[in-house]
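One structure below.
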Amino acid sequence: RRFPGPHDYHMNRLSIRNSRGIIVHNAYMRDVVARIARAERNDTPVRMVRHHALRPDAWISPADARAARVKLGIEPDRFVVSSIGFMSQAKRIRVALRAFAQLVREFPDALYVLVGEAPPALEADIGALGLSDRVRTVGYVDMESFYHYIAASDFCVNLRHPSAGETSGSLLRIMSMGKAVAVSDYAQFAEFPDDCCVKINVGDGEEGMLFEQMCRMAHEPSARAAYGEAAREYIQRHHSPDRSARGYYEALKEIAGEDRGLS
């Protein structure tokens, strides 16, 4: 990571060169891997199987936002923003914190919850923005608490840039809970329909656009609900465990057939 563009350096070329078949989780990576395969003179099939999202019911009902807040010690009437998952530099947490600092001027009781392992320097950034009493960092949590924090949220932020091509498990879980969520309008995240994710442009204006959408979600509960319901339905249609399992079966059967020269 000490040289420019580490995300553009593909360390899986040897695997791609020697694979008889490749499965990826999104169309962006399907295209990236197919280009690498051609460059490596391998015409192996590259198949997309959507990553599954487990149903959240085993941990908490999506409707139990108030119960989740009681459990987590969060006041019922606060506007709660959250970022959930490992806080890597690509997650744009510092951008989100600056946008949230603007939001607090309009909504002084707003709370930003960061759930997941974060670099130690992040606490200094929070203090420098004057947000020590408006941001809660909780570190790594078990899966039950993970879902409780999602349930307690009004609006989630799951930005990602640059991309490593991953399909975000935390994003799929947030969407499965019927929550409005902001994503970067970029790479694999741009594939989600516009009606089930709040798309944030990458580059100039990113912070301002995120601030505007935070304000919108705080002012318009109906907009939050519409995004959340569309997200939940999308996950049920495209990312269920049954659909994912069927996708693996069909892809593996096709790859095995081509490997044997079968139709």
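Only helical runs count toward this figure. For the chain, summing -39,500 (n - 2.57) over DSSP H runs of n ≥ 4 and dividing by all residues gives -14000 deg cm²/dmol at 222 nm. Rounded, prolate or oblate for region 120-226? Axes are the square roots of the Cα gyration tensor eigenvalues, ordered a ≥ b ≥ c, and the cut-off for rounded is a/c under 1.5. Note, shape of region 120-226 comes out rounded.
With R₀ fixed at 22 Å, the C-beta to C-beta distance from L122 to K71 puts the FRET efficiency at about 0.35. With N counted as the residues of region 40-193, its alpha-carbon radius of gyration over 2.2 N^0.38 Å works out to 1.11.
Rounded to 0.05, the FRET efficiency of the A245 and R94 pair, given R0 = 35 Å and the Cβ-Cβ distance, is 0.35. Seen from N42, the other residues with C-beta closer than 12 Å to its C-beta sum to a net charge of +4, counting Lys and Arg as +1 and Asp and Glu as -1. With the convex hull of its Cα atoms as the shape, region 177-243 has an orientation-averaged projected area of 4.7 nm². Note on L252/D64: beta-carbon distance plugged into 1/(1 + (r/R0)^6) with R0 of 41 Å gives a FRET efficiency of 0.60. Relative to the dominant Cα principal axis of the chain, helix 206-219 is inclined by about 60°. Between the Cα long axis of helix 93-106 and the first principal axis of the chain there is an angle of about 30°, rounded to the nearest 10.
Packing, as the average of other Cβ atoms within 10 Å across residues, places the peptides 142-155, 28-41 in the order 142-155, 28-41, highest first.
Both radii are taken from the alpha-carbon atoms of region 49-96; with Rh as the Kirkwood radius, Rg/Rh is 1.05.
Each reported figure results from applying straightforward, stated rules to the coordinates on display, with no laboratory input. The shown structure was predicted, so the numbers you read here are calculated from the model rather than taken from an experiment. Cβ: placed from backbone, ideal geometry, glycine included. Neighbour counts: every protein chain shown.
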